[in-house]
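The values are calculated or read from the model by the stated rules, or taken from the named source; none is laboratory data. Small disclaimer: the values here were computed from a predicted structure and weren't measured. Cβ: placed from backbone, ideal geometry, glycine included. Neighbour counts: every protein chain shown.
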């Protein structure tokens, strides 16, 4: 008797649920796949990226355009093949509508190519900042709301030449697309300002032993440009300090960041006074930035976050806010190949915590670059950054036309830019 | 020695010349023409020292591996997991107490117990079944890797060396002249020198224990023929347990060493398993001296390779392995069995 009752009841419930589903088909939750690194060099960085993403969702009550938002994690290890596998899984087995991510440069290029094979999905970049992703053969359904590595490194070169008087440097940078891109941003400007690059060292992503590179540094240089990030940077700095830390450092865009500055050990001492250019400055006085920092700090207990948001949190936050804004614009309408949503996304302009952001015709952000210097924080317990300058509206080609850019600078690679040629101009 | 010299006078002469050249290259400042061809001496010396230090680390991992194999005919493919687990535990202990040196002892004991548990619960039941042992240890390493990923996450950890070991130390080795013409001496991180010295001390200790003590005699006899040894009434069970515990403890300690001068992260387990396999294949299965020579060769090949032929550095290691397999398949110090 009771069994029959339960059976009947569950049948009713099931029927109700099914009819309900039919009735509210348009109000199904929107499913977002979050592609982010959880292993390797950028594992901790990726976790802060998730906090940025969650913060944006919390502020919107996990709703956009009248529909609930659900999300699925697609963990990667920073390599393009893993990112591709994770993205396929998100699309094919989790059935997501949108992907936010990835985090690492070469993953971004893999996602651009993958995006072309899934025309019904839209990918909004997380942090990945290789130039080619939006510059060479871009995908119509790949959007990037952060400035890429070359933009983020721009202005630092002339700053160290003119303000610091460092004109001869050796460079150590990660041997993959983001390393090239970020280096290009620094070097193009540095060489034009009259700087000279004594030697370029390229180290694989995920390197842990830098002894040989540190030993091979030329003696007569003013500074070392350090273009590695995450735990690679922490390893380098510890070993550099152990080997005597004999010259100045210049930071790439992922050095003067909470993910490196909060590292334990002697790495810190080597960093004080290091200038760097990047997406954000910890002491930026923009009200949007101040509000974002406060929300981040209120969102998690102190031991579960960085003292202040890392760039990974900020960039995932921005990408998510842009996505939610566009979803609100179209009332959550993702029908017909998401065309309305994409048009809305391309038109998004926002006064983000990192400054004003809009997209160019390649769906690549035009935004602000900050130059900061690493300093000890107020109570002397750790490091933070002090903002030196901010440049707004930096575009992907530093204001040059695409043709001019290709002739004068060229696409990022180990040998680009040609420093002597740039200095000659 | 003198017999060899009498039999092969030409070879002896060449070897003496090579040694003299090596001594000159290490101690004397290089003339300008020489530096043009081989790069700066500072780079060479640093690569040489890094190679030896890396070799020392490989030796710590591989000596346990080779002993276990030699004695028990047991390829423990979970050896890398022992290395990684030791590194994580050492990190936790050093973070918690701030006592870096003590963490070695603690980890050695804890990992020794883990080794005893593995021998007692797993290998004892599978004695003589090589294929099963191999499969079971692969299984253990996969499960252990996932559990460690679950507990410690995907980021890498650095074990911090104490203050008295941080910073560089000046060695009495000339690297060249500075702009004023004064001699410049090599600076090398203290912590790496300490690791090198400790590895040498452990190596000598193992050698003495194997060659000068009764237990060592039993182990050597067991490596040669454990069935006869058992038949003669020697209790081989406890010896097996002891050797397994010692090997596991060494691997765990090596984890702290690796975490101090590089870092520990998921994936390091397979990296060090591969390294120990190569070292043991080059050096000869079951031979501690072989492990020392193999570790030194592979460490030097990796570091000198990464400086002088960066693109092919990875290949170099395997070229050495292939050459050894082709011309001396039992390994440099191995015995034909």
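Report yes if residue B:299 is under 24 Å from residue B:134 (Cα atoms), in contact with a helix residue (DSSP H, G or I) (Cβ under 6 Å, 6 or more places away or on another chain) and surrounded by 21 or more Cβ atoms within 10 Å (Cβ to Cβ), otherwise no. No, not satisfied. Across region A:36-81, the number of residues qualifying as more than 10 Å from chain B (Cβ to nearest Cβ) and free of Cβ contacts under 8 Å to residues at least 24 places away in the same chain comes to 3. Applying the criterion of being under 16 Å from residue B:59 (Cβ atoms) and either under 14 Å from the mean Cα position of the chain (by Cα) or surrounded by fewer than 22 Cβ atoms within 10 Å (Cβ to Cβ) (or both) to the residues of region B:302-333, the residue that is modelled with the highest pLDDT is B:320. Screening A:265, A:273, A:244 for residues that are more than 11 Å from chain B (Cβ to nearest Cβ) and either farther than 22 Å from residue A:315 by Cβ or in a helix (DSSP H, G or I) (or both) leaves exactly one candidate, A:273.
Whenever a residue of region B:261-276 is facing chain A (nearest Cβ under 9 Å), its partners that are in a loop (DSSP other than H, G, I, E, B), lying with C-beta atoms within less than 6 angstrom and at least six residues away or across chains, give the pairs B:262/A:208; B:262/A:209; B:263/A:208; B:263/B:156; B:263/B:158; B:265/B:156. When you check residue A:212 against the structure, is it surrounded by fewer than 24 Cβ atoms within 10 Å (Cβ to Cβ), within 14 Å of chain B (Cβ to nearest Cβ) and assigned to a helix (DSSP H, G or I), yes or no? Against the criterion (surrounded by fewer than 24 Cβ atoms within 10 Å (Cβ to Cβ), within 14 Å of chain B (Cβ to nearest Cβ) and assigned to a helix (DSSP H, G or I)), residue A:212 qualifies.
Scanning region B:178-197 for residues that are touching a strand residue (DSSP E or B) at 6+ places or on another chain (Cβ under 8 Å) and within 11 Å of chain A (Cβ to nearest Cβ), we see that the one that is nearest to residue A:232 (Cα to Cα) is B:189. Restricting the search to helices (runs of 4 or more DSSP H) fully inside region B:1-118 and requiring at least 3 residues that are modelled with pLDDT of 90 or more and either more than 14 Å from chain A (Cβ to nearest Cβ) or surrounded by fewer than 20 Cβ atoms within 10 Å (Cβ to Cβ) (or both) gives B:41-72, B:79-97. Filtered by the rule that a residue be in contact with a strand residue (DSSP E or B) (Cβ under 7 Å, 6 or more places away or on another chain) and more than 19 Å from residue A:260 (Cβ to Cβ), region A:298-324 gives A:318, A:319, A:320, A:321, A:322, A:323, A:324.
Of the candidates A:186, A:236, the single residue that is surrounded by 20 or more Cβ atoms within 10 Å (Cβ to Cβ), within 14 Å of chain B (Cβ to nearest Cβ), in a helix (DSSP H, G or I) and touching a strand residue (DSSP E or B) at 6+ places or on another chain (Cβ under 8 Å) is A:236. Selection of region A:51-67 for residues being modelled with pLDDT of 95 or more and assigned to a strand (DSSP E or B) yields an empty set.
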